[in-house]
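Novice: Let me begin by handing over the structure; questions about it come next.
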Amino acid sequence: MDLRGRQASFGLLSFLLAVTVAACSPALSGEGSTPSSEPPRGGHGAAPGVGSPSPTELAIKVTMSGYGTLIIETSPGATCRAKAELPSGNTVLASDFLTDQKVDSAGRATWRYSTQIAGAGAGYGRYFIDCARDGRNVDATAEFAVR
């Protein structure tokens, strides 16, 4: 087989492998997919419109992830904490991040802080969220843009 024939065979085999992998992928077939708590940016995150976690389940749904504000929904009565890491790698030291937040009866917890932070850097920061209730823990992350 000459070089041109080998290149054509390799290209065909590569294409067939890619199609097979894509067809069997859980993300495309819907099997085994689990929602993430990441924000819906760049294809990462839970599908908008997914309902809030039920009182018996402990999960975190990020409803707002922005520079200066983080809002989550989880099981009412849970205790949550969050950390904000800026694009520069620095951590936000606002009072909301220094104490645990008790989730309200509607299942919502909110963290807010001033966005006039020197050395924040431009790019994407990340929230790290951890919630606990009845001996169960769950964590999540979410990105936010700093311009």
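The values are calculated or read from the model by the stated rules, or taken from the named source; none is laboratory data. Source: prediction; values computed, not measured. With ideal geometry, Cβ positions are generated from the backbone for all residues, glycine too; neighbour counts draw on all protein chains shown.
Novice: Within the stretch 72-111, take every residue that is hydrophobic (A, V, I, L, M, F, W, C) and assigned to a strand (DSSP E or B) and give me the one that is nearest to V138 (Cα to Cα). First the steps, then the outcome.
Specialist: Within the stretch 72-111, the subset hydrophobic (A, V, I, L, M, F, W, C) is 72, 78, 80, 82, 84, 86, 92-94, 97-98, 103, 106, 109, 111.
This time we only want the ones that are assigned to a strand (DSSP E or B), so: 72, 80, 82, 84, 109, 111.
On the way: I72: 13, C80: 9, A82: 12, A84: 17, A109: 14, W111: 18 Å.
Within the stretch 72-111, the match that is nearest to V138 (Cα to Cα) is C80.
Novice: Further question on the same structure: Select from the stretch 72-81 the residues that are small (G, A, S) and either surrounded by 18 or more Cβ atoms within 10 Å (Cβ to Cβ) or within 14 Å of the chain's Cα centre (by Cα) (or both) and write down the one among them that is farthest from A132 (Cα to Cα).
Specialist: Once the filter is applied, the top-ranked residue is S75.
Novice: Can you pull out the residues in the stretch 83-101 that are crowded, with 17+ Cβ neighbours inside 10 Å and among the small types (G, A, S)?
Specialist: A84
Novice: What's the total number of residues in the stretch 111-131 that are buried (at least 16 other Cβ atoms within 10 Å of the Cβ) and among the β-branched types (V, I, T)?
Specialist: 2
Novice: Moving on. Surrounded by fewer than 15 Cβ atoms within 10 Å (Cβ to Cβ), at pLDDT 95 or above and in the same structural domain as T79 (by TED's automatic domain parsing), is that true of D104? Don't jump to the end; show me each part of the working.
Specialist: Values: surrounded by fewer than 15 Cβ atoms within 10 Å (Cβ to Cβ): yes; at pLDDT 95 or above: yes; in the same structural domain as T79 (by TED's automatic domain parsing): yes.
Yes: the conditions hold for D104.
Novice: Within the stretch 56-71, restricting attention to residues that are hydroxyl-bearing (S, T, Y) and in a loop (DSSP other than H, G, I, E, B), which residue is surrounded by the most Cβ atoms within 10 Å (Cβ to Cβ)? Talk me through it step by step, then tell me what you get.
Specialist: Step one: of the stretch 56-71, the residues hydroxyl-bearing (S, T, Y) are 56, 63, 65, 67, 69.
Okay, now just the ones that are also in a loop (DSSP other than H, G, I, E, B), so 56, 67.
Values: T56: 8, Y67: 19.
Among those residues, the one meeting the criterion is Y67.
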